[in-house]
Every structure is written in structure tokens, then in C-alpha cells.
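Participant: Just passing along the structure, written as C-alpha cells.
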Amino acid sequence: MKKLAAALVAALLLAVPAQAATAGPAVDAGAAVLMEKETGTVLYEQSAHDKMEPASVTKIMTLLLVMEAIDNGSLSTDDMVTVSAYAASMGGSQVYLKEGEQMTVHDLLKAVAVASGNDASVALAEHLAGSEEAFVERMNQRAAELGMKDTCFVNCTGLPAAGHLTSAYDIALMSRELILNHPSIREYTTIWMDSLRNGQFQLANTNKLIRFYEGATGLKTGSTDSAGFCLSATAERDGMELIAVVLHCSSSDARSAAASSLLNYGFANYTLMDVYPSQALPPVDVLLGESETVQPVLSTSSRILVEKSMVNQVTTQLELCQDVEAPVEAGQKLGEMTVWVGDQQLQAIPIVADSAVERLTVPGIFARLLKTLFMAQ
């Protein structure tokens, strides 16, 4: 099978290691991670896998499980939740739920995302799984599925408990899962001020970046005496969303400053662009096919992360079959487009057939030959 190779210059981008960019920011935190949402690329890390207490940043996993239940149809934001005595007994940050009080899932989500309500978190956990213990089992199972190897959850709130530990990297993983696959969480995490109980109870977001940082989209704060001040902050600019996790900061202002510094670094140094060939892909001949050609296409629309200073050094190389023998299946590989940054190969994107082509029958072959002979005369 013959192949056609051509070098194409394209406006593409690159997922490069964080150290390839300019020196990272000084981050005053016990641990820190900066991750790009779409590709999951880590752009900066500091003690990323150290096991630490996350405080109420734990509630990202609580929110994730609730949003998954909503999006798969097993839970509705209009469902009424009856508060148990145990949920009402939670200390720390709370919205002062009473035993027997009923509140919608929608309002409880607001209470968790905006006010970090421990009572609201437990009420949701019990409603979804029957008990907090059963819900925590689901939390740990989901953590394992996401590759959160540094994590062990003991409760759904982040209240201090022996062995309740995670890492900045793992928090970035679950934050990414939440905002990437459940974007409607923004309805709650971008609230600055709101209320519950028909306006009788006021809510103010514990994440000050929602008001003061351009493009802020969430996500969750946490603080205890032993955990210090923690934050998973998300923000989006020019179509790129970043996740900045900082743990064990000295104050609320310090965690906001550290997260802002990470986000500023990411937005200043990286960008996302779509990957396309710089010219139309030519049809590929199909030997003995009912159709004489098949159209090749990229197997997926792909966006790649690139350091801004490297954009002009990005090229692509196209390798495409000149012909293929029928039958051809839709999605059958016909070649690939390789993305390069300088002399570094970044990614190979398969090129596939956009439709199936059946093999000619014996009568069809004779008809094709007669047609060819007739046209040659």
C-alpha cells in the first residue's frame, strides 16, 4: 500500500512539561498544583503528592457524586431531602438545618458550594446513599476510579478525622472530573451571594476569587486548624479553564493570593488551539469498492495545550494511504497526522474513513470493467 507523506504547517499547540515554560511562580503553600482542564496537563506542581488534610475541599467529591446522580437521572434538583438528626448535628460551617426540615437538592447544593455547609453535605450523602458511611464508600471507590492514589476519605465534609487525607494532585483530578463532565456545577460555584429559606438565610461564597478574579468559575475552599487554609480554584479565559490547588496556606488571603498567582502564570504562558490539517485531505482510492473513493477525516477534533512561546515552532506531518482495498469500515484507519514542536513529536492523531464502502459483487466488477472500457473508447 503506497503512502503519501507531506509536511504541513498548522496552527497547533503542544502539551509540554511545566518546566518548559518560564520559571513557575513563588507559591506560599504547603502543596500546590496547576492543571489545565481539557488535557489534564500539569503546568506547575509543588509537593503535589504529599498526603495532607483537605478540610472542606473534600466536598468536591461530594459535589461530584451528587452531580453524577443528577446527570444520570437518578436524582433531581427538585427532589426534597428530609434532614436527619445526625445531619443537623454537624458542627463547623453550616446552614443550621433542623431535624425534620425539608430542603430541595438544588438548595442543598447551594449550601454546600457557596457556604460549605457540613450539615447540607451530610443530608445529601444520606439521601443519595442511605448513610454517610455508605456515601463515603462511594467516595473512595470513585477516587480509585479517577486514579487518586494519595486519597482516603473518612467523611463527606472534611471535618478533622484520623486518616482523612489526600494530595494537591488528587484534588486537581477530582476537580477536573467535576468541571469537565458536569459543567452545570457552575450554576452553584459561581454564586457570590444568595439566600435560602425564601430569603431568610443569607449565603456568601467562601471563595473570594469568585468576586475578585477575572473569569473565576469555582470551586471550593476549606480550612481547619490542622489543615490550614485550602482552595481548589478554577477560572476560564479565552476558552481555557485552569485548576489551581493550594493546601495548608497560612490565611484566607494567602490561599487566594497563591491560587491567583498560579492562575496568572497559567494564563500568561499557555494557550489552547484546535488541531487541523492546513489543507483539505484528498479522497483515498478504494480498490474494488462500490464507491471509487472514501473521504479521510481526523478521528477526533483535538485540542492541544501549547506554551505560548512555542506556537510558531509547531508543524504537522501527514501520512495518508494512497489507496485501500474494499471493504472499508467507517472509522477504519487510513493514516495519521503527527504533531511536532520543533524536533519533538507531540501527538499522532489517526486519520480514518468517514464512511463504509462495500466490496463490489462479481456482477458489479464486470459492470465497472464495461464502464471503464466504454469510457476508454
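The values are calculated or read from the model by the stated rules, or taken from the named source; none is laboratory data. From a predicted model like this one, the values you see are computed outputs, not experimental measurements. Here the Cβ positions follow ideal geometry from the backbone for every residue, glycine too, while neighbour counts run over all protein chains shown. Keep in mind that these areas ignore ligands, DNA and RNA; they rest on the heavy atoms of the full protein, side chains included. Shrake-Rupley method; radii C 1.70, N 1.55, O 1.52, S 1.80 Å.
Participant: To the nearest 10 degrees, how steeply does helix 168-181 sit against the main Cα axis of the chain, on a 0 to 90 scale?
Facilitator: In the chain, helix 168-181 runs at an angle near 60 degrees to the longest axis.
Participant: What is the helix-to-structure angle for 132-145, meaning the angle in degrees between its Cα long axis and the longest Cα principal axis of the chain, kept from 0 to 90 and rounded to the nearest 10?
Facilitator: 30 degrees
Participant: Here's another thing I want to ask about it. With all protein chains present, how much of the accessible area of the chain (probe radius 1.4 Å) comes from carbon and sulfur, to the nearest whole percent? Walk me through the numbers on the way to the answer.
Facilitator: Values: 8530 of 16820 Å².
Using a 1.4 Å probe with all protein chains present, the chain comes out at 51 percent carbon and sulfur.
Participant: Using Cα atoms only, what is the angle between the long axis of helix 59-71 and the major principal axis of the chain, expressed in degrees (0 to 90) to the nearest 10?
Facilitator: That works out to roughly 60 degrees.
Participant: Same structure again: Sum up the charges of everything whose Cβ sits under 13 Å from the Cβ of THR41, counting Lys and Arg as +1 and Asp and Glu as -1, but leave THR41 out.
Facilitator: Numbers: positive: LYS37, ARG176, ARG303; negative: GLU36, GLU38, GLU45, GLU241, GLU307.
Around THR41, the charge tally is -2.
Participant: To continue, here is another question. So who's got an amide H within less than 5 Å of the one on ASP323, skipping anything under 5 residues away but keeping other chains? H placed 1.01 Å off N, in plane.
Facilitator: Result for ASP323 returns LYS2.
Participant: Out of (1) -0.30, -0.83, -1.23; (2) -0.33, -0.81, -1.17; (3) -0.21, -0.73, -1.39, which label holds the value of log10 I(q)/I(0) by the Debye sum over Cα atoms at q = 0.06, 0.11, 0.15 Å⁻¹ that was computed here?
Facilitator: Recomputing log10 I(q)/I(0) by the Debye sum over Cα atoms at q = 0.06, 0.11, 0.15 Å⁻¹ here picks out (2).
Participant: Just to check I understand the Karplus step: with θ = phi - 60° and J = 6.51 cos²θ - 1.76 cosθ + 1.60, what whole-Hz values come out for region 260-268, glycine and proline as x?
Facilitator: Values, residue by residue: 4, 4, 5, 4, 4, 4, x, 5, 6 Hz.
Participant: Per residue, what accessible area does the chain have, given a 1.4 Å probe and all protein chains present, in Å²? Mind showing how you got there, number by number?
Facilitator: On the way: 16820 Å² over 377 residues.
Here the residues of the chain average 45 Å² of exposed surface.
Participant: So how strong a dipole does region 135-215 carry about its Cα centre when Lys and Arg Cβ are +1 and Asp and Glu Cβ are -1, to the nearest 20 debye?
Facilitator: The calculation lands at about 160 debye.
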